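Worksheet: the structure to be examined is printed underneath.
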Amino acid sequence: MKKFMMWALSAASFALGYLGMPLPGCAASPETTRIAPSLLLAIKDAKDQARSFGGRIWPGYETAPFGLLATLERREVLFCHGSLVAGFTALPSDPDTRCDLQERPSVFPRNLLAAMPVIDGVSTIVMGTPESTGRDQADWTHTIFHEHFHQYQSGFDNYYQRLDGLDLDGGDDTGMWMLDYPFPYRDEQFELALSRAAQALHDAINQHGASFQEQVSIYLKARQALEAAVPAEDWKYLELQLWMEGVARWTEIQIALGSSDSGVVASGKALRQRTVSSLPGLDAAQLGRALVYPYGATEAMLLERCNPTWRQVYPAVLSLGALIKAIEPDNCR
């Protein structure tokens, strides 16, 4: 986890770019670089939503670093980093996004949709355009909300030290264990327990009143059985992923639903419906780690109805189960 430990946020370098101030000591490029207006508009809208509606959901979400590396044809444009990066050339700041801009020749594939600490060790959104990633404009826009949430997570107190303390890396100091951890997704006992728990979660989130409270109790028991189906170390990894990716998906949906763009709202509604409806057929062997997106997002929906203060505790834990286990069914609405 040594490289994870190096991925600390640089608040000073971020502040200037986020506020749209010029980069110190950086002259604008003598050549004007054309960037598609639709791309600038999408980034502006996503940034504005993060500063407004997103901040109502997560305290401080609106001030988290918003560095975004747009992977374009033959070049990459870095928005809102805050200081000139080695290998990049400064460009004139963009008045609409209020971002400093800089560019370099292409390094990353154009189909990426991720947040990674790849620029000066700062968590940076790395994304292709809607066209190169195969997403429509609305879907692409609310994906930024998801990836920005990962930037927000990385600013939690002692975040990387706490990740290191989980001792799940197996000696891998590149961070790739997050994706490659050998979780027993194809284990028959786990698959059976997941099927039952996912069905119970689906049934609970679709209920109301006394029926909802009863179904939540059923779900909590099914979740206990799911935890018992795998070794403790493996379960610790899964809880981390539910906490990390599931809640990022939930946040993406919530901010999309609060958007001023009707297209983004409609796309957010569709994503919520797909997320919940996918639970009864959740196939761990086929999905692998991707199962945590719908499962964790729906657990976050459950938390909203059973304990609306869960978001205050969220930054202090690295396990969604720590919050789920605190649910009292009688308090669920």
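Taking the residues in the stretch 141-168 that are touching an Asp or Glu at 6+ places or on another chain (Cβ under 9 Å) and polar (S, T, N, Q) as candidates, determine which candidate is modelled with the highest pLDDT.
Thr143
List the number of the failed condition for Met244; all other conditions in (1) buried (at least 21 other Cβ atoms within 10 Å of the Cβ); (2) closer than 21 Å to Ile144 by Cα hold.
Just one mismatch for Met244, condition (1).
Looking at (1) at pLDDT below 95; (2) loosely packed, with under 15 Cβ neighbours inside 10 Å, which is the only condition Val264 fails?
(2)
Out of everything in the stretch 267-293 that is over 25 Å from Lys47 (Cα atoms) and hydroxyl-bearing (Ser, Thr, Tyr), what residue ends up being surrounded by the most Cβ atoms within 10 Å (Cβ to Cβ)?
Ser278
Go over the candidates Thr133, Thr63, Thr71 one by one and state the one that is of a type in the set (S, T, N, Q) and surrounded by 20 or more Cβ atoms within 10 Å (Cβ to Cβ). Break it down into steps so the answer makes sense when it comes.
Details: Thr133 fails: surrounded by 20 or more Cβ atoms within 10 Å (Cβ to Cβ); Thr63 fails: surrounded by 20 or more Cβ atoms within 10 Å (Cβ to Cβ).
Going through Thr133, Thr63, Thr71 in turn, the sole match is Thr71.
Residue by residue, here is whether (1) under 20 Å from Glu73 (Cβ atoms); (2) touching a helix residue (DSSP H, G or I) at 6+ places or on another chain (Cβ under 8 Å) holds:
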position: Ala115; (1), (2): no, yes
position: Val118; (1), (2): yes, no
position: Ser123; (1), (2): no, yes
position: Val126; (1), (2): yes, no
position: Trp140; (1), (2): yes, yes
position: Asp157; (1), (2): no, yes
position: Leu163; (1), (2): no, yes
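Matching residues to (1) over 22 Å from the mean Cα position of the chain (by Cα); (2) buried (at least 17 other Cβ atoms within 10 Å of the Cβ):
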residue	(1), (2)
Tyr159	no, yes
Pro182	no, no
Phe190	yes, yes
Ser195	yes, yes
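Before we move on, is Ala27 at pLDDT below 85 and either exposed (fewer than 14 other Cβ atoms within 10 Å of the Cβ) or closer than 19 Å to Gly155 by Cβ (or both)? Full working, then the answer.
Details: at pLDDT below 85: yes; either exposed (fewer than 14 other Cβ atoms within 10 Å of the Cβ) or closer than 19 Å to Gly155 by Cβ (or both): yes.
Spelling it out, Ala27 is indeed at pLDDT below 85 and either exposed (fewer than 14 other Cβ atoms within 10 Å of the Cβ) or closer than 19 Å to Gly155 by Cβ (or both).
Only residues in the stretch 104-124 that are outside the structural domain of Ser83 (by TED's automatic domain parsing) count as the first member; pair them with residues that are modelled with pLDDT under 95 and surrounded by 17 or more Cβ atoms within 10 Å (Cβ to Cβ), Cβ under 7 angstrom, at least 6 apart or cross-chain, and list the lot.
Close Cβ pairs satisfying both conditions: none exist.
Would you check which residues across the stretch 52-97 are farther than 20 Å from Gly155 by Cβ, assigned to a loop (DSSP other than H, G, I, E, B), touching a Lys or Arg at 6+ places or on another chain (Cβ under 9 Å) and not hydroxyl-bearing (Ser, Thr, Tyr) and list them?
Here is the first cut: in the stretch 52-97, the residues farther than 20 Å from Gly155 by Cβ are 70-77, 84, 86-97.
Narrowing further to those that are assigned to a loop (DSSP other than H, G, I, E, B): 73-74, 84, 86-88, 95-97.
Right, trim to touching a Lys or Arg at 6+ places or on another chain (Cβ under 9 Å) and you get 73, 87-88, 96-97.
Once the filter is applied, which keeps residues that are farther than 20 Å from Gly155 by Cβ, assigned to a loop (DSSP other than H, G, I, E, B), touching a Lys or Arg at 6+ places or on another chain (Cβ under 9 Å) and not hydroxyl-bearing (Ser, Thr, Tyr), the stretch 52-97 yields Glu73, Gly87, Phe88, Asp96.
The values are calculated or read from the model by the stated rules, or taken from the named source; none is laboratory data. Please read these numbers as outputs of a predicted model, since none were measured by experiment. Don't worry about glycine lacking a Cβ; one is built from the backbone with ideal geometry, like all the others, and counts go over all protein chains shown.
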